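Written out below as structure tokens is the structure these notes cover.
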Amino acid sequence: MEKLIIVGTGCAGLTAAIYAARANLSPLVLEGHEPGGQLSTTTLVENFPGFPEGINGPELVMNMKSQAERFGSRFSYATVEAFEPAGDHLRVKLDGEWKETRTLIVASGASAKWLGLPGEKALVGHGLTSCATCDGAFYRNVPVAVVGGGDSAAEEATFLTRFASKVYLIHRRASLRASKIMADRALSNPKIEPVWNSAPVEYLADETGEMRGLKIRDTVNGAERELEVKCVFVAIGHTPNTVPFQGQLDMDESGYLLQTSGTHTNVPGVFAAGDVADRIYRQAVTAAGQGCAAALDAEKYLAQFEH
């Protein structure tokens, strides 16, 4: 019987692991299919406190992992397939085998939705991103593009006008589906140029592998043209990694875990932290804060089993 299993090794999961290990809980931490979470695909992180010159995303993750291991966290590449409550403990199915634990912290994150165009993976961090708050400041005084038509796209486009010389807002329809206030704010900004009835068809990279432009196709007449941009911000939403917990843990309509108080979920002994439950902030530092809180909540919950 494990005392604590932590699902995920992004900022939330690793911070939880550090706190739990220091409390002598010897947590088992599951790395899953995307070790390091979204930070592992980020080149430079400039907004994480304590790094005045910034730090590479993968390096930040490795530092956190080393810290967690130093205090006694154990790591496994297992992936969660199913989960069920079992009286005063929990059962988690890992790669075909059931494992029992007193507590569980779900910090499995959310995956950004991408466009699925050729060469996409290689360009992430080289002029292709899903987070304006994270990467907008790298694109000062150059043209950029935002793809999407919802609130997040309108919000990201508006945010990017602080840095970029011009922001193309590309949407496949003739009007945004964002809320009126968000849409009006974006469309009234002189730096934002809406590109209606258009869909991206090809990323254009220069000889060094950095983004130089985006080829788009008119969804009405099929005509193609190129936009010269230094970065493409894909803002078509995120998918929380919660499939194994469906039917057991309460979620909202998009699949994000619902927290009852603090990081508690509807199932006693199960806690949620980071982007798997946060559809608003989605920052490394907020995920780390939630990971800390979840470990403290789990430690407090476990105290009832000590004799």
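The values are calculated or read from the model by the stated rules, or taken from the named source; none is laboratory data. Since the model is a prediction, treat every value here as computed from it, not as a measurement. Note: ideal-geometry Cβ built from the backbone for every residue, glycine included; neighbour counts use all protein chains shown.
Structure above, values below:
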quantity	calculated
Some residue of the stretch 69-87 being over 30 Å from Leu258 (Cβ atoms), surrounded by fewer than 18 Cβ atoms within 10 Å (Cβ to Cβ), charged (D, E, K, R) and not assigned by TED's automatic domain parsing to the domain that holds Cys11	no
Members of the stretch 225-235 that are in contact (Cβ under 8 Å) with a residue 12 or more places away in the chain and surrounded by fewer than 17 Cβ atoms within 10 Å (Cβ to Cβ)	Glu226, Glu228
Residue list for the stretch 125-149, restricted to those being in a strand (DSSP E or B) and either within 14 Å of the chain's Cα centre (by Cα) or surrounded by fewer than 14 Cβ atoms within 10 Å (Cβ to Cβ) (or both)	Thr129
Counted residues, the stretch 111-124 - those being free of Cβ contacts under 8 Å to residues at least 12 places away in the same chain and either closer than 16 Å to Asp206 by Cα or in a helix (DSSP H, G or I) (or both)	1
Residue match in the stretch 173-181 (condition: buried (at least 17 other Cβ atoms within 10 Å of the Cβ) and either in a loop (DSSP other than H, G, I, E, B) or over 26 Å from the mean Cα position of the chain (by Cα) (or both))	yes
Test set (1) modelled with pLDDT under 95; (2) more than 30 Å from Glu210 (Cβ to Cβ) - Tyr281 fails condition number	(2)
Exclusive hit being in contact with a Gly (Cβ under 7 Å, 6 or more places away or on another chain) and within 23 Å of Gly36 (Cα to Cα), set Ala287, Ala294	Ala287
Single match in Gly222, Gly209 (criterion: over 19 Å from the mean Cα position of the chain (by Cα), exposed (fewer than 13 other Cβ atoms within 10 Å of the Cβ) and within 30 Å of Gly54 (Cβ to Cβ))	Gly209
Out of Val267, Val285, sole residue that is part of a loop (DSSP other than H, G, I, E, B), closer than 25 Å to Gly13 by Cα and assigned by TED's automatic domain parsing to the domain that holds Thr79	Val267
Checklist (1) out of contact with any strand residue (DSSP E or B) (no Cβ under 7 Å at 6 or more places or on another chain); (2) surrounded by 14 or more Cβ atoms within 10 Å (Cβ to Cβ); (3) assigned by TED's automatic domain parsing to the domain that holds Leu204 applied to Ser188, failing item	(2)
Selection status of Glu100, loosely packed, with under 13 Cβ neighbours inside 10 Å and assigned to a strand (DSSP E or B)	yes
Odd one out for Gly269 among (1) of a type in the set (Gly, Ala, Ser); (2) on the phi > 0 side of the Ramachandran plot; (3) modelled with pLDDT under 95	(3)
Lone unmet requirement of (1) at pLDDT below 95; (2) on the phi > 0 side of the Ramachandran plot for Glu34	(2)
Residue that is nearest to Ser254 (Cα to Cα), among those in the stretch 269-307 that are surrounded by fewer than 24 Cβ atoms within 10 Å (Cβ to Cβ) and of a type in the set (Asp, Glu)	Asp278
